[in-house]
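The next block holds one structure in the form of structure tokens; read it before the comments.
The values are calculated or read from the model by the stated rules, or taken from the named source; none is laboratory data. No experiment lies behind these values; they were computed from the predicted model shown. Every residue, glycine among them, receives a Cβ derived from its backbone with ideal geometry; neighbour counts consider all protein chains shown. When the accessible area is computed, the model is the full protein with side chains, heavy atoms only, and any ligands, DNA or RNA have been set aside. Shrake-Rupley method; radii C 1.70, N 1.55, O 1.52, S 1.80 Å.
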Amino acid sequence: QVQLVESGGGLVQAGGSLRLSCAASGVRIRIDAMGWYRQAPGKQRELVAAITSGSTTNYANSVKGRFTVSRDNAKNTVYLQMNSLKPEDTAVYYCNARNALAIYWGQGTQVTVSS
């Protein structure tokens, strides 16, 4: 069973930066896409950024130019570098991974951006 463990969330002032990490363990079938979603209070979970095993990336319009997703395939780890953070980026951020068998989710990490 694949497990995803996130780290790197926290409290930061507007304009600051944070880096999230997510490591997948128990991988027996190659992980294809990995990425990050977020859910703010009272809102639906939304895609933030995703990256394939071939390094093709996809970003939400609201984070383009500020966030960068990357991955280390050998370590089954995905990263999210978040710069120029805004209060509206405040949310629980969830790591996501998928392979031929299933879609997996992390437990979530809180990111709070103060104004």
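Can you work out ³J(HN,Hα) from phi for every residue in the stretch 44-55, in order, using Karplus 6.51 cos²θ - 1.76 cosθ + 1.60 and θ = phi - 60°, giving whole Hz and x for Gly and Pro?
The phi angles translate into 7, 5, 10, 5, 9, 7, 9, 8, 8, 5, x, 6 Hz.
Cα centroids of the stretch 64-108 and the stretch 20-46: how far apart, whole angstrom?
6
In whole percent, and with a 1.4 Å probe on the protein chains, what portion of the accessible area of the stretch 20-77 is carbon and sulfur?
46
What are the ³J(HN,Hα) values, in whole Hz, obtained from phi via the Karplus relation 6.51 cos²θ - 1.76 cosθ + 1.60 with θ = phi - 60°, for each residue of the stretch 91-97 in sequence order, with x given for Gly and Pro?
For the stretch 91-97, the Karplus curve yields 4, 8, 9, 10, 7, 9, 9 Hz.
Within the chain, what percent of beta bridges assigned by DSSP are antiparallel, to the nearest 5?
That works out to approximately 90 percent antiparallel.
Accessible area per residue, 1.4 Å probe, Å², for the chain: what's the number?
Roughly 53 Å² per residue, with all protein chains present.
Explain nothing, just compute: Karplus ³J(HN,Hα) = 6.51 cos²θ - 1.76 cosθ + 1.60, θ = phi - 60°, for every residue of the stretch 77-86 in order, whole Hz, x for Gly and Pro.
10, 10, 10, 9, 8, 10, 10, 6, 5, 10
Picking from Ala14, Val69, Ile51, whose Cα lies most toward the positive end of the charge dipole for the chain (charges on Cβ: Lys, Arg +1; Asp, Glu -1)?
Ile51
Report, by chain and number, residues whose modeled amide H sits under 5 Å from the one on Gly108, excluding near sequence neighbours (fewer than 5 apart, same chain).
So Gly108 has HN proximity to Glu6, Cys95.
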